[in-house]
Every structure is written in structure tokens, then in C-alpha cells.
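The structure appears below as C-alpha cells.
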Amino acid sequence: MSTKSLVYSSVADRIARVVMNRPRALNAMSRGMITELRRVLEEAQSNPEVSVIVLSGAGNNFCAGDDLKESEKQSAEDFMALIMDLQRLTRLLLLGEKPTIAAVDGYAVGGGFELALACDFRIASTRARMGCVEARVGMVITGGTTVLLPQLVGQGAAREIVMLADIFDSVYAQQLGLLHRLVEAERLDAEVQTFSEKLLSRAPLAVRESKRLLNRPLEHELERAFQNEIEAIMRCFGTADAREASVAFREKRPAAFQGR
């Protein structure tokens, strides 16, 4: 396991631990990190020695979403490729045959929130802060969130989370039904380990088939959502509001949106 990698992983006792590793950027998703994360998840899903996958972030944060510094310089073609890769991550986490657990500490917002939603289970520390912040930066949600979020919290709460784009704490996340376990930060690793071991104690073929059955009704909806999300995102890409959001982020000031 190399801590110099953008994503590092280790396998022990049938558990693959996958760690996003850009702690100075709160594990914001650069193009390189997304590519590496896809590769590592593909390997974990195909590894016969792995039965459970745990996704987390280095440095007391899960993932702060897309790297806005990098996205400011992207062409439309590059941006489209990035979005499609993000959707592949959802497929790997949710539709892959092995159970996935998001171990959420600190920020899980934007694309990071979407990664957590794509996992089968979410275990968070009391330091966790979550939210769909895309409307703050002139963009819209992706990763199948248009299907996954309403399924978990209902249409009313989903609309508030997406359109107001607030960041909320772990207690509210648990009240909404987003979290399976909520523990103090110092107990997060131990709780994830206990949860993983309990999963591993169940009949592996039955767990695999159960996940497939639970996902079957979602598969068609997700594929349609992916296409809808791409179309909406590309309508937002290159707008004055999207450019203003990137400049405002760089200049560390509130964005002045104009609706165009």
C-alpha cells in the first residue's frame, strides 16, 4: 500500500479497504483520482479474495466533491468523459456484486456525497458533513443521485437537499435515513470493522444474490437517470453561472449568479 498514490488499497481478511488520498484537497476528485479509483474498485470487485469493499478518505475527510480548480480548465469533451467515469463508479459500488461500505468522516459533499449514496451501507462519524452542493457551483447532480436520494429520503427531503444545496450534519443525516450507523470519530474504524465482519459471517452466495435482487428494480431507472443527468449537466457546462462559480471559488468570494 503506497500513501503516495491518489487512491490506495489493501486487502486483509476478505475486506478491501479503498482510500481516496488527496487529504490536502479534502480528497476532492481530480481526473487522475477518479481514474485511479475506478481501476482500484474494478480490481476489488474482480478479486476472489475480496468479499466486502470499504471506501473511505484520508485525513479525516471522505471526499469534498469535484476539484473545481481542475474543472475550470476542462473542455466539454473532457468534462463529458469525467461525468461518465463518475457514473461508472456508481455502477461499480452499487451494481457490483460485492457489498460496499462508505466509512464517512468529515466532508462528504457533491461528488463525495454521491459516492457515499452509491455504497450499500453508510457508516459515519459525528464529524461527518454531507450535502449535494452542485447548485452552489452552477451544476447539477450525477452518479444516479436523482434515483438513489429520493429512494432513501423521499421526494420532499431530496428536493430540499438538492435545490437548497445546504451542508448538513451527521445527526440530520441519520434522521433522514441516510446512515446505517453513527458513532464518535474515534470509534469509526472499529464500527466499520464490526459491521464488515458481521457481513462476512453470513452466507456469501446469499448476500451476493440478495444484493442483486435488491438492485434489480433500480437498474433500468439508473441507466435512464444517467442519461438524463448527462444531458442536464451538459446544458449547465459552459454557462456564465458555471464559469462564475469557478472564478468565485478561486477568488474565495460568494458567486454572483445571473441565471445564464
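The values are calculated or read from the model by the stated rules, or taken from the named source; none is laboratory data. In this text, all values refer to a predicted model and were calculated from it rather than measured experimentally. Counting neighbours? That spans all protein chains shown, and the Cβs are built from the backbone with ideal geometry, glycine included. Side chains are part of the model used for accessible areas, which takes the heavy atoms of the whole protein and leaves out ligands, DNA and RNA. Shrake-Rupley method; radii C 1.70, N 1.55, O 1.52, S 1.80 Å.
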* To do: Could you grab me the full set of residues in the stretch 118-145 that are open to solvent by less than 10 Å² (accessible area, probe 1.4 Å) and in contact with an Asp or Glu (Cβ under 9 Å, 6 or more places away or on another chain)?
  => ILE123, ALA124, SER125, ALA128, MET130, GLY131, CYS132, THR142, GLY143, GLY144, THR145
* To do: For residues that are within 24 Å of VAL109 (Cβ to Cβ) and β-branched (Val, Ile, Thr), scanning just the stretch 9-33, find the one that is least open to solvent (accessible area, probe 1.4 Å).
  => VAL18
* Can you tell which of VAL183, VAL171, VAL192, VAL207 is more than 21 Å from ASP105 (Cβ to Cβ) and aliphatic (A, V, I, L, M)? -> VAL207
* Asked: Does the stretch 89-99 include one or more residues that are open to solvent by 50 Å² or more (accessible area, probe 1.4 Å), touching a Lys or Arg at 6+ places or on another chain (Cβ under 6 Å) and either of a type outside the set (Phe, Trp, Tyr) or farther than 22 Å from ARG253 by Cα (or both)?
  -> yes
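For every residue, the table says whether it meets (1) in a loop (DSSP other than H, G, I, E, B); (2) modelled with pLDDT of 95 or more.
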{"residue": "ALA16", "(1), (2)": "no, yes"}
{"residue": "VAL19", "(1), (2)": "no, yes"}
{"residue": "GLY32", "(1), (2)": "no, no"}
{"residue": "GLU42", "(1), (2)": "no, yes"}
{"residue": "GLU49", "(1), (2)": "yes, yes"}
{"residue": "ASN61", "(1), (2)": "yes, yes"}
* Structure fact -> Counted residues in the stretch 51-95 being touching a helix residue (DSSP H, G or I) at 6+ places or on another chain (Cβ under 6 Å) and farther than 28 Å from GLU221 by Cα come to 4
